Amino acid sequence: MDIVVLVKQVPDSGSERTLDPADKTVARASADNVVNEIDEYAIEEALVLKEAHGGEVTVLTVGPESAADAIRKALSMGADKAVHVVDDAMHGSCAPQTSAVLAAALQQMPFDIVLCGAESTDGQLSVMPALLAERLGIPQLSGARKLTIEGGVAKVERQTDGGYWALEAPLPAIVSTWDTINEPRYPSFKGIMAAKKKPVTKKSLADLGIDPSSVGLATATSQVVDFAGRPPKGAGVKVTDEGDGAAKLVDYLAGQKIV
Amino acid sequence: MAEVLVLVELNPTGEGLRKTTLEALTAARALGEPSAVVVGAPGTAAAVRPQLAEYGAARVYVAESEEVEQFLVAPKAEVLAQLVAGKQPAAVVIPSSPEGKEIAGRLAIKTGSGFLTDVTEIAPDGTATQVAFAGATIVHSKVTTGTPIYTVRGNSVTPEPAPGAAEEEQVAVQLSDAARATRVLDRVVEQKSSRPELTEASIVVSGGRGVASAENFSLIEGLADSLGAAVGASRAAVDSGFYPHTFQVGQTGKTVSPQLYIAVGISGAIQHRAGMQTSKTIVAVNKDPEAPIFELADFGVVGDLNTVVPQATESIAARR
Ligand SMILES: Cc1cc2nc3c(=O)[nH]c(=O)nc-3n(C[C@H](O)[C@H](O)[C@H](O)COP(=O)(O)OP(=O)(O)OC[C@H]3O[C@@H](n4cnc5c(N)ncnc54)[C@H](O)[C@@H]3O)c2cc1C
Ligand SMILES: Nc1ncnc2c1ncn2[C@@H]1O[C@H](COP(=O)(O)O)[C@@H](O)[C@H]1O
């Protein structure tokens with residue numbers, strides 16, 4: 001089975017994140033960049049599928065040179081090879097533009113299933129599987145907490161408020177995963193050493209047959225007009241419970257007309 | 001006046017419209033005259049038309065067929081694309097559920113448009129407000145290509161009634177093969193709760209690892225019930241098996257924005273904040289005075305939740 005897993009590099013959600021004042025795109029150069037946390041679950045699921053069905057796991061990343069670190073991480077977890085689409089013309093691309101690039105790259109690769117994370121922590125869009133399904137004309141099985149494949153058919157439990165939807169579609173298909181689907185493995189020392197020798201193919205927009213002026217900030221379908229730090233909340237009240245903590249809390253709620 | 005299409009989202013469990021639909025209708029009025037789009041099984045539109053009229057829908061496009069609910073996301077995007085082509089609306093506004101965002105994305109590709117997700121406000125010139133990076137940054141954005149598509153984040157707009165004629169117009173549903181790609185075999189509700197839905201509740205009481213056990217979550221439920229609130233949980237509480245995953249608040253759980261959020265035994269990790277930071281008022285109970293949750297709390301009690309919470313529950317009940 002040919003398995004492709006989409007991995008995005010994002011600024012660490014635990015560190016200071018901001019937009020670049022110059023062009024109002026996510027400041028990636030100054031950030032601590034990591035693999036989008038939920039993508040590790042997609043990588044793990046890809047490895048589990050390979051163990052069950054055989055085949056190869058290919059990582060696909062669209063992102064700047066620095067995203068090579070995210071690719072290494074996926075390879076050290078056990079993916080076999082990678083495709084890295086890098087092109088300066090892509091800077092500031094919107095989600096529809098990025099999806100066009102990912103779709104073009106996928107069209108140059110054999111795949112039975114594409115796995116990706118359910119959401120990236122920088123944009124928090126949760127739309128990439130839908131965009132790619134639309135562009136490629138393949139089924140979307142998004143938001144999976146469980147995935148099984150049998151006889152060329154994918155079955156997914158799509159996590160919802162208070163339960164799940166049972167989904168089914170024939171392969172090839174795209175599946176996105178939540179962090180409830182599995183427990184990602186840590187790269188072993190052997191895995192880290194092996195990753196250094198695994199093939200990473202770099203592709204440019206020209207390699208994908210994409211006109212550079214169709215992507216990037218200048219032609220993005222949406223643009224940031226301005227941004228500001230959220231005004232810091234005024235310092236709150238903090239009381240220490242000395243038998244009257246609950247009473248003070250309820251007084252506060254009463255003052256807010258809540259009780 | 002310009003026409004704005006608003007996709008109707010129905011209550012997943014019961015009858016009627018989700019509150020998010022009323023919010024979307026209200027937000028859409030900044031841009032023009034809202035037309036509600038009902039995509040569902042036959043009979044759906046008739047049941048919700050009065051409420052759509054009450055919240056300002058000038059028209060109701062009725063796209064009903066047995067088939068549309070049998071497939072994931074794509075049929076709704078297809079119906080909207082057909083309407084965008086036919087009616088040339090000024091914009092499309094969709095409630096920001098996981099499904100709503102995916103519909104917006106597919107519609108954007110079909111119509112060659114840009115889209116903005118999780119907007120908290122739409123200005124008359126089309127500029128939308130979004131909250132980025134776990135609530136740390138406020139962003140104003142604009143769609144620059146095609147018919148602007150917005151998804152409106154729950155609880156960020158106050159629904160306001162306005163009279164609308166809600167004139168019905170039938171829309172023929174002709175699904176392509178591509179829209180029939182992913183079959184929805186079953187919709188399973190695992191947790192039926194008499195409490196308000198987490199993302200719609202005006203008060204949320206959440207418990208964390210500090211609650212210490214599944215049994216002890218009854219303290220959180222007790223406080224929630226005294227306030228008519230929904231119950232939430234941190235990931236640590238969920239991972240420890242204290243409370244089911246569907247109630248997780250945070251980056252990989254639900255995003256909530258209630259009038260009041262009470263965090264009990266929660267330290268306030270960035271991933272938790274991501275899901276609750278835009279709550280109007282934040283109250284915290286934690287025995288550690290240095291817990292980061294106090295940095296965002298409007299009111300904090302440093303103390304043991306096992307004493308503070310039952311006392312508070314009792315005193316709130318006494319006031320009612
Ligand atoms: C990919 C990823 C996604 C994540 N997504 C989420 C998410 O969606 N939501 C989320 O919440 N977290 C998420 N996390 C986890 C997050 O980093 C924290 O680990 C988690 O929020 C901590 O939960 P907690 O505050 O309940 O536990 P802790 O950090 O252990 O805090 C417990 C608190 O309880 C207090 N306490 C203990 N006993 C008492 C008592 N008797 N009385 C009063 N106070 C007491 C302690 O002082 C402490 O502050 C995510 C992490 C990752 C890596
Ligand atoms: N530039 C990218 N390169 C590779 N994968 C991506 C990229 N952008 C998004 N993805 C994948 O799509 C998922 C959802 O992203 P998003 O729709 O941006 O929230 C992520 O978890 C990734 O798996």
On the basis of being farther than 23 Å from A:R185 by Cα and either of a type in the set (D, E) or within 11 Å of ligand 2 (Cβ to nearest atom) (or both), does A:L115 make the cut? no
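Given the residues A:I43, A:I38, which is the only one that is aliphatic (A, V, I, L, M), within 16 Å of ligand 1 (Cβ to nearest atom), at pLDDT 95 or above and surrounded by 23 or more Cβ atoms within 10 Å (Cβ to Cβ)?
One residue alone meets the criteria, A:I43.
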Scanning the stretch A:149-170 for residues that are touching a His at 6+ places or on another chain (Cβ under 9 Å) and modelled with pLDDT under 95 gives A:Q159
Hits in the stretch B:78-104 - residues which are within 14 Å of chain A (Cβ to nearest Cβ), among the hydrophobic types (A, V, I, L, M, F, W, C) and crowded, with 22+ Cβ neighbours inside 10 Å: B:L80, B:A91, B:V92, B:I94, B:I103, B:A104
Out of the stretch B:114-159, which residues are within 15 Å of B:V6 (Cα to Cα) and in contact with a helix residue (DSSP H, G or I) (Cβ under 6 Å, 6 or more places away or on another chain)? B:F115, B:T117, B:I122, B:T147, B:I149, B:T151, B:V152, B:G154, B:V157, B:P159
Restricting attention to the stretch B:152-190, the residues that are of a type in the set (S, T, N, Q), loosely packed, with under 13 Cβ neighbours inside 10 Å and within 14 Å of chain A (Cβ to nearest Cβ) number exactly 1
Name the residues in the stretch A:76-98 that are surrounded by 22 or more Cβ atoms within 10 Å (Cβ to Cβ), hydroxyl-bearing (S, T, Y) and more than 12 Å from ligand 2 (Cβ to nearest atom), would you? none
Return the total of residues in the stretch B:231-273 being over 14 Å from B:E295 (Cα atoms), hydrophobic (A, V, I, L, M, F, W, C) and at the interface with another protein chain (Cβ under 8 Å from one of its Cβ atoms). 1
In this structure, does A:S142 turn out to be under 26 Å from A:A79 (Cβ atoms), among the hydroxyl-bearing types (S, T, Y) and facing chain B (nearest Cβ under 7 Å)? yes
Please work out if B:P50 is touching a residue at least 60 places away in the same chain (Cβ under 8 Å), buried (at least 19 other Cβ atoms within 10 Å of the Cβ) and part of a helix (DSSP H, G or I). no
Condition test on B:Q88, is it modelled with pLDDT under 95 and touching a strand residue (DSSP E or B) at 6+ places or on another chain (Cβ under 9 Å)? no
Could you count how many residues in the stretch A:126-159 are over 18 Å from A:A46 (Cα atoms) and within 16 Å of ligand 1 (Cβ to nearest atom)? 2
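Please go through the stretch B:79-102 and give me each residue that is assigned to a helix (DSSP H, G or I) and among the β-branched types (V, I, T), ordered by number.
Taking the stretch B:79-102 and keeping what is assigned to a helix (DSSP H, G or I), we get B:79-87, B:98-102.
Within the stretch B:79-102, B:V79, B:V84 qualify.
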Single unsatisfied condition, A:Y164 versus (1) outside any helix (DSSP H, G or I); (2) under 19 Å from the mean Cα position of the chain (by Cα); (3) surrounded by 19 or more Cβ atoms within 10 Å (Cβ to Cβ); (4) away from ligand 2 (no atom under 12 Å from the Cβ): (2)
Going through (1) more than 16 Å from ligand 1 (Cβ to nearest atom); (2) touching a Leu at 6+ places or on another chain (Cβ under 7 Å) one by one, A:G54 fails only at (2)
Can you tell me which residue in the stretch B:248-271 is surrounded by the fewest Cβ atoms within 10 Å (Cβ to Cβ), limited to those that are free of Cβ contacts under 8 Å to residues at least 40 places away in the same chain and under 20 Å from B:I203 (Cβ atoms)? B:G268
If I ask for residues that are more than 8 Å from chain A (Cβ to nearest Cβ), in a strand (DSSP E or B) and surrounded by fewer than 24 Cβ atoms within 10 Å (Cβ to Cβ), which ones from the stretch B:120-151 would you list? B:T120, B:E121, B:T129, B:Q130
Contact list, first residue from the stretch A:209-223 and within 15 Å of A:V62 (Cα to Cα), second anywhere and among the polar types (S, T, N, Q), beta-carbon distance below 7 Å, six or more apart or interchain, is A:V215/A:S93; A:V215/A:Q97; A:G216/A:S93
Kindly evaluate B:T307 against the criterion of being more than 14 Å from A:D251 (Cα to Cα), modelled with pLDDT of 95 or more, more than 16 Å from ligand 2 (Cβ to nearest atom) and not in a loop (DSSP other than H, G, I, E, B). yes
Are any residues in the stretch B:256-302 part of a loop (DSSP other than H, G, I, E, B), within 7 Å of ligand 1 (Cβ to nearest atom) and in contact with a strand residue (DSSP E or B) (Cβ under 8 Å, 6 or more places away or on another chain), and if so, which ones? B:G265, B:I266, B:S267, B:G268, B:G275, B:K287, B:D288, B:A291
From the residues in the stretch A:99-125 that are small (G, A, S) and within 16 Å of ligand 1 (Cβ to nearest atom), which one is surrounded by the most Cβ atoms within 10 Å (Cβ to Cβ)? A:G117
So the strands (runs of 3 or more DSSP E) completely within the stretch A:1-96 holding 3 or more residues that are farther than 24 Å from B:A269 by Cα are A:2-6, A:56-62, A:81-85
Look through B:R153, B:R195 and report the one residue that is outside the structural domain of B:S96 (by the TED database) and either touching a residue at least 12 places away in the same chain (Cβ under 8 Å) or not hydrophobic (A, V, I, L, M, F, W, C) (or both). B:R195
Going by the conditions given, is B:D225 outside the structural domain of B:P12 (by the TED database), away from ligand 1 (no atom under 16 Å from the Cβ) and either surrounded by fewer than 20 Cβ atoms within 10 Å (Cβ to Cβ) or in a loop (DSSP other than H, G, I, E, B) (or both)? yes
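The values are calculated or read from the model by the stated rules, or taken from the named source; none is laboratory data. This structure is a prediction, so every number in the text was calculated from the model and none was measured. Every residue, glycine as well, gets a Cβ built from its backbone with ideal geometry; the counts of neighbours run over all protein chains shown.
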